[in-house]
Each structure stands twice: as structure tokens, then as C-alpha cells.
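Quick notes on the structure that follows.
The values are calculated or read from the model by the stated rules, or taken from the named source; none is laboratory data. The structure displayed is predicted, hence computed values, not measured ones. Please note: Cβ atoms are built from the backbone with ideal geometry, for glycine as well, and neighbour counts cover all protein chains shown.
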Amino acid sequence: MDMGHGHVAAPSERMRLPKHRILALTDGVVAIAMTLLVLDIDVPDGLRGQALENALDDVQSQVGTFLLSAVVIALFWRAHHSVLRDEEWIDGSLFWCNVAFLALVSLIPFPTRVLAEYGHRPLGPALYGAVIGTAALVLYVMAVRIARGPGRRRALPSFPAQACVFLLSVVIAQFSPSAAVYSWIAAVPLSVLAHRLASRTSRASRP
């Protein structure tokens, strides 16, 4: 309440937060998630001979999944900043969407470890695909929420190809875990195609 001018802030105004606070929180969660990825890479002490070679083979698998998740988290971080680029204030609904997104990002180290240890079983790729796909879908919902906010006339964001590919891989993993992992590659060309189609549609709709 502004006592000098008698103005009482509306509930929607009181719930708003400045964007820089949200970005700072996101940066911290991303940094912690990447750190936890590294901590999962470990070689037991005192190994020799064949046991050491087997442990190093396991580390190679861990490094591979670490690199995959590191790239995914980095892309999420960049996409998140892009989604909030033109926003100055974050309202209540967008705040809670952001909380859900950060919760999923902070969870990524767990399915990464499961993927490294159980990548040959449906559980590994299915859990990983579910977490990554849901995080991408939540980020898409945030982009749509901003594009269709009060007083906005922006075009809708491009089709969420990443979310669809990873969520579809949950089903594929039940029949072939390796096929589910390879299916994630499709997210790259499909995302590029979706972005180009969205850009073309946006240009065509301009007066």
C-alpha cells in the first residue's frame, strides 16, 4: 500500500517478481544440477587388472550420459533466458510454471544416473525421456503464457518438437531401449524445422 497516495496494489501486482530475481534463481539451479552430474562420475579405490578396466568402461558410459545431460541443461538454460527476454515482471502463474521447470531441471542428475546404469532396460531411457520431455513442455507452456499475456499480440512459439520426441521415447523404450535413445536425435532436425515454419508463418501474417 502507498500511504502517501492512497493506492492499494492489486493482488496480481503484489504477486509479481522482477525478472532478474527469477533469472538468478535459474542460474543457481542450473549450476547445481551440472555440479551434481559430475559428482556421479566415480571410480572405486583399490581396483587393479580386469576390475579396473571394467570400472573404466563404466566411467565411459557415465561420461557419455554426463555430456548428454550437460548439453541438455545448457540448452534449457539458454531457452529459458530467451523465453523471458522481453519480460520485466513475472506474475504468479508464470512464477509457478518456472518453479515446475526448475524442479525438473534439478531432477535431471537422477535420470542421468539411471540412464547410465540401466540404459539397456526400458526404465533408463523412459525415465530420462519423461523428465526431459516434461521440462521442455513446461518451458513451452511458459512461452505460450507470455505470448498470450494481457495486451500481447505475439505469434505463438514454434511447435515443441523436443518435448514430443522425448515424451514419445517413453513409449518406444518399452519395446526397444536403444531405439528410444537414438530417437532423441530427431529432436534436432524437427526443432529446426518447427522454428523455420513458425518464422515463415509469422512473416506471412504480418500486414
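Observations on the structure shown:
- Considering (1) more than 27 Å from I32 (Cα to Cα); (2) modelled with pLDDT under 95; (3) in contact with a helix residue (DSSP H, G or I) (Cβ under 9 Å, 6 or more places away or on another chain); (4) not hydroxyl-bearing (S, T, Y), the lone condition that L115 does not fulfil carries the number (1).
- For the stretch 150-201, a residue qualifies if it is at pLDDT 90 or above and outside any helix (DSSP H, G or I), and the qualifying residues are Q174, F175, S176.
- Which numbered condition V141 fails, given (1) touching a Leu at 6+ places or on another chain (Cβ under 9 Å); (2) at pLDDT below 95: (1)
- Flag for R121 being without any contact (Cβ under 8 Å) to a residue 12 or more places away in the chain and either surrounded by fewer than 19 Cβ atoms within 10 Å (Cβ to Cβ) or part of a loop (DSSP other than H, G, I, E, B) (or both): no
- Residue ID - surrounded by the fewest Cβ atoms within 10 Å (Cβ to Cβ), chosen from residues in the stretch 166-191 that are under 13 Å from R121 (Cβ atoms) and touching a Gly at 6+ places or on another chain (Cβ under 9 Å): S178
- Criterion violated by A204 - all others in (1) assigned to a helix (DSSP H, G or I); (2) exposed (fewer than 12 other Cβ atoms within 10 Å of the Cβ); (3) modelled with pLDDT of 90 or more satisfied: (3)
- Cross-chain or 6+ apart pairs with Cβ under 8 Å, the stretch 72-86 first and more than 11 Å from A143 (Cα to Cα) and in contact (Cβ under 8 Å) with a residue 40 or more places away in the chain, then of a type in the set (D, E, K, R) and in a helix (DSSP H, G or I): W77/D27
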